[in-house]
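Accompanying notes for the structure given below.
FYI, it's all coordinate maths here, none of it is from the lab. Worth saying up front: this structure is predicted, and the values here are computed from it rather than measured. Neighbour counts are summed over all protein chains in view; Cβ atoms, including those assigned to glycine, are modelled from backbone coordinates with ideal geometry.
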Amino acid sequence: MIQRPSPNALAASLLLLAAVPCSGAQTPAASAPPTATAPTQAAPQPAAPAPPRTLPAFYRNLILLDPAHGGSDTGAHLPDNATEKGVTLSFAQRLRSIIAAQGFTVVSTRDTDPPADLPADQRAGTANHVRPLACILLHATATGSGVHIASSALTPLDDATPPRALPWQTAQAASLPISLRLANEIGLALQNAHLPVVLLRASVPPIDNLICPAVAIELAPSSDTPVTDATYQQHIAEAIASALASFRTHNAPPPAATPAPTPPPAPKPIPPAAAPAPSTATPGAPK
Amino acid sequence: MIPRYQRILFWSLVSGILLMGAFLLRGCQQAHKRLIALNNATPIAAPTGAATEEVTLYLASDADASITATTAQVALPQDPGLRARALLEHLLAQYALPGSAHPIQSGPAVDDVFLLPNPADTGKGRIAVVNLRSSFVDNHPSGVEAELLTLNSIIGTLHAALPEVSEVRFLVDGQPHDTLAGHASLARSYPLTDTTARAVAPSEAATKP
C-alpha cells in the first residue's frame, strides 16, 4: 500500500530540503572558537558531539528516471494498440541497464504498472528526496518526429545566490540553467547518432517541482519507425547514456579531478621561552 | 418433462437477447455522447454585417515544432470577450482543415473567454481566462510537443489581438484542469508573449558551465 503524501507535506519537505544546503554545515557549537583551557583543566572531557554531516547538493552517480503515466492513466494511445505508459516503462528498463553500464546508479519512480495513479507531486517528492545528478522524465507520442527534449518553461532566477526556500510550484527555476545544459548535452548526443531532435520549453508536470537538473524526453516516430521499435529505442537509449556521462564530466567532475583549495599557512607555534612574560605586558605589575 | 436440449436452447436464446440488448444500449449511449460533444449550443454573437478585419493567427506545425504568424481576414464582434472567443474558434478551426500541419479534431473548442483585472498587477494589464470545452480536451492529440504547440498558438494569437492582456489561464468546463491532454500543464498561468518559434538545435557551446 503506497501512502500518498499530501501536497502540503511535500511542500514542507521541499522547503526543508532546500534549506539544508543553505544553512551550512556548521552548527553553532562546531563554529564556535575553541576556548583556552588551563593546564590544570586537562582532565578528560566528555567527547563533544560530532557535527551533523551536511547532505550533498546531489549525488554525481545517481540518475532518476520517471516513466510517465501508469495505472488508470494510460497516456497517449500509440499505434499497434500500444499505450504510452507501457512504452515509457519498457524504455525506462532498457535505458536503466545502459545507464548502469556507464557507472550510474539508477532510481526509478516506478518499475511496474502500479494499480493506482502515481500523482505528479509524489513523483517530484521521490526525485527531490534522492538528490540525483539528473532527472529524466520519459514520454512517448504518435505525433511529430524524432526525439523531443523539453526543459521547464519557468523563468530562471535573476539572483545568483539560491534562495533559502524554494516555492513548490517553481522549484525548478533555481536549477534551470543546468537543466538547459543537460538538454543540450542530450540533444547533441542524439544529433551525433543521426536522430532528429527538437528542443522545447514546456511545463510538463512534475518538471517545475523538481530541484534536480531535469528534462522531459518524448519519443516520437522517426521516418516510419514507430516508437515501439526495439532497435530505435536502443539507439536513443545509448545516445542518452553517453550524454549523461558527458554531462557528469562537464558539470560534476570526480572529487580527485577538482583542484584542492590551497590551505592557509599554518601558524607557527611560539616556544614558551620566546613568549612575552605576562609581567612585561601588564602595566603596573611589580618588576 | 422438458428435454435437456430444449432447456439449453432456451437459456442460450435468453442470453443472446440480453447480450444484444446491452450492446444496443451501449451503442445508443456512445452515439448520444458523440452528438452532445459535437453540438455547439452556445451561440456566438453573429458578426454578420460587421466588416472583416485583419487579424494575426499564430499557426503551429508539428513537422518542425514551429509557430508562424500569418494574417487573415475575419469578421469579429466588438465585445472583447466575444471577440477573443471567436478569434480562438477561428484559429482552432484552421487545425481541423484537411492537410493541417497540426491536426486537431473539428468541433467547438472554446466555451468562453473572460477578461479580468489582474490582481497581481498593480498598474496596467488584464488577465484572460480561456474556458475550454471538455470535448476539445478529450480529443486533443496527446504529447508534449503537440500540446505545447496548441497552447503557444493560442497564447500568441491572444497576445496579438489583445495587447492590454498580460496573462492567460485555462479552465476546462469551468473547472481547473491539470493538463491539456496529459502533458502540458494547465495548472499555471502563462504570460502573453510573442510565441513565434523555430526549432532550436542543440549547440556545443550551450553544454559548458
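Over the stretch B:52-191, what relative contact order in percent results from Cα pairs under 8 Å that are six or more residues apart?
Relative contact order, the stretch B:52-191: 23 percent.
Please rank B:M20, B:M1, fewest neighbouring Cβ atoms within 10 Å first, as an exposure proxy.
Working: B:M20 10, B:M1 3.
Listed from fewest to most nearby Cβ atoms, that is B:M1, B:M20.
Determine the shape class of the stretch B:122-209: with a ≥ b ≥ c the square roots of the Cα gyration tensor eigenvalues, call it rounded for a/c under 1.5, and otherwise prolate if a/b is greater than b/c, oblate otherwise.
Working: a/c = 2.08, a/b = 1.23, b/c = 1.69.
Judged from the Cα gyration tensor, the stretch B:122-209 comes out oblate (a/c at least 1.5, b/c at or above a/b).
Among DSSP beta bridges whose residues both lie in chain B, state the antiparallel percentage, nearest 5. Mind showing how you got there, number by number?
Details: 22 of 29 bridges.
Around 75 percent of the beta bridges assigned by DSSP in chain B are antiparallel ones.
Quick one: which of A:208-217, A:72-81 comes out on top by average Cβ neighbours within 10 Å, and what's the full order, highest first? Walk me through the intermediate numbers first.
On the way: A:208-217: 25.7, A:72-81: 15.2.
Highest to lowest by the protection proxy: A:208-217, A:72-81.
Considering only DSSP beta bridges where both residues belong to the stretch A:101-239, give the percentage that are antiparallel (nearest 5).
On the way: 5 of 16 bridges.
Antiparallel bridges make up about 30 percent of those DSSP assigns within the stretch A:101-239.
In nm, what is the difference between 0.36 nm times the number of residues separating A:S72 and A:R201 and their Cα-Cα distance? Mind showing how you got there, number by number?
On the way: separation 129, 0.36 × 129 = 46.44 nm, distance 2.74 nm.
Length difference between fully extended and current span is 43.7 nm.
Rounded, prolate or oblate: pick one for chain B, where a ≥ b ≥ c are the square roots of the eigenvalues of its C-alpha gyration tensor, a/c under 1.5 means rounded, and failing that, prolate if a/b is larger than b/c, else oblate. Intermediate results must be reported in sequence, preceding the final value.
On the way: a/c = 2.60, a/b = 1.93, b/c = 1.35.
Prolate, since a/c reaches 1.5 and a/b exceeds b/c.
Just how far, in whole angstrom, is the stretch A:174-223 from the stretch B:134-157 if you go by their alpha carbon centroids?
With the stretch B:134-157 and the stretch A:174-223 each reduced to a Cα centre, they are spaced 20 Å.
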